[in-house]
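**Q** Next up is a structure, given as structure tokens.
Read-outs: derived from the displayed coordinates by stated rules, not from any lab. What you see is a predicted model, and the numbers here were worked out from it, not measured in a lab. Here the Cβ is made from the backbone with ideal geometry for all residues, glycine too, and neighbour counts use every protein chain on show.
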Amino acid sequence: MKIVVIGGTGLIGKQVVELLSNQGHEVNAASPSTGVDSVTGQGLDGAMVGADVVVDLTNTADFDEKVVVPFFSASSHNLLAAEKKAGVGHHVALSVVGTDRIGAVGYFAGKTAQENAIREGGVPYTILRATQFFEFLSVMADAGTRDGSVYVTSHLMQPMAAQDVARIVAETAVSPAIDSVLEMAGTERAGINEFVSRVLAAHNDPREVVIDTDAGYFGMPIEETSIVPLGETRVGDISLKEWLNQP
């Protein structure tokens, strides 16, 4: 099976490429650094030749709606147009748990635009929504730091290891398209403050974690269960404790 991984040089992409390659698939790790840019369309037609599956792991670190909406809109439309032209049979995209509930706000506005484009794109698809990665808990702490303390909400989260995300993405890529959404999350559900506290403690970080009910999620307002899955969920294997103890 020929599989094109868009964003194949990123955190999740590298692992997905390795997993699929080790299974004997022909994998193309496509990204701007390899001459394939989904936002401009550069290199897409060539990358899609003979492809059975396209895995879309494109991302932007910017949470501004003025950036993320045009980014995900252009990228998704260009990808799907190239896939239709090449006869690709399965489009797999990584999205975020809560996109359907938080709606068109901040980063989620971009993910909403991406999911809508996929549903209307005419290519069989599977949308995988993941919770936050363990790798980003420190980023959340830094974003909430004021005057030496970390201000975060106690609303629930269920983060997971990027390794688990990559494994489930790879499994989905070689499975039939479902034309629907699958959600995945970590092994444990608790308050954001609890997870951040545990990560800081593991790193011997002296910052105090303070519960701020108005902190939201990177400036976006959320409710108690906005960013945790509410229905059927694929649960990862790696707990935060196990992840923190990895070499």
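**Q** From the phi angles alone, apply the Karplus equation (6.51, -1.76, 1.60; θ = phi - 60°) to segment 52-60 and give each ³J(HN,Hα) in whole Hz, x where the residue is Gly or Pro.
**A** Along segment 52-60, the couplings run 8, 9, 10, 9, 9, 10, 4, 7, 9 Hz.
**Q** Taking 2.2 N^0.38 Å as the expected size of a compact globular protein, what ratio does the Cα radius of gyration of the chain give against it, to two decimals?
**A** 1.02
**Q** Cα convex hull of segment 100-227: mean projected area in nm², to one decimal?
**A** 8.2 nm²
**Q** Return the inverse of the average 1/r over all pairs of distinct C-alpha atoms in segment 26-129, which is the Kirkwood hydrodynamic radius, in Å to one decimal.
**A** One decimal place: 13.7 Å for the Kirkwood radius.
**Q** For THR225 and LEU244, compute 0.36 nm times the residue count separating them, minus their Cα-Cα distance, and round to one decimal in nm.
**A** Roughly 4.4 nm would be gained on extension.
**Q** Now, a different point. Please give the helix 106-119 orientation as an angle from the longest Cα principal axis of the chain, in degrees from 0 to 90, rounded to the nearest 10.
**A** The angle comes out near 30 degrees.
**Q** Sort the following peptides by mean Cβ neighbour count (other Cβ atoms within 10 Å, averaged over residues), highest first: 25-32, 99-106.
**A** Most protected by this proxy first, the peptides run 25-32, 99-106.
**Q** Answer rounded, prolate or oblate for segment 174-247, using the Cα gyration tensor with square roots of eigenvalues a ≥ b ≥ c: rounded when a/c is under 1.5, else prolate when a/b is larger than b/c, else oblate.
**A** Oblate is the answer for segment 174-247, as a/c is 1.5 or above yet b/c matches or exceeds a/b.
**Q** Moving on to the next point. What FRET efficiency would be calculated for the residue pair ALA104, GLU26, taking the C-beta separation as r and a Förster radius of 35 Å, to the nearest 0.05?
**A** E between ALA104 and GLU26, to the nearest 0.05, is 0.40.
**Q** With the radius of gyration and the Kirkwood radius both derived from the Cα set of segment 205-247, what is their ratio Rg to Rh?
**A** Ratio value, two decimals: 1.06.
**Q** Hey, fewest Cβ within 10 Å first, where do LYS85, LYS14 land in order?
**A** So the residues, fewest neighbours to most, are LYS85, LYS14.
**Q** Based on the mean of other beta carbon atoms within 10 Å per residue, what is the order of 63-74, 163-174, 190-201, 141-152, most packed first?
**A** Top to bottom by mean Cβ count within 10 Å: 163-174, 190-201, 63-74, 141-152.
**Q** Hey, another quick one. Taking every DSSP beta bridge with both residues inside the chain, roughly what % is antiparallel (nearest 5)?
**A** Among the beta bridges of the chain, antiparallel pairing accounts for roughly 15 percent.
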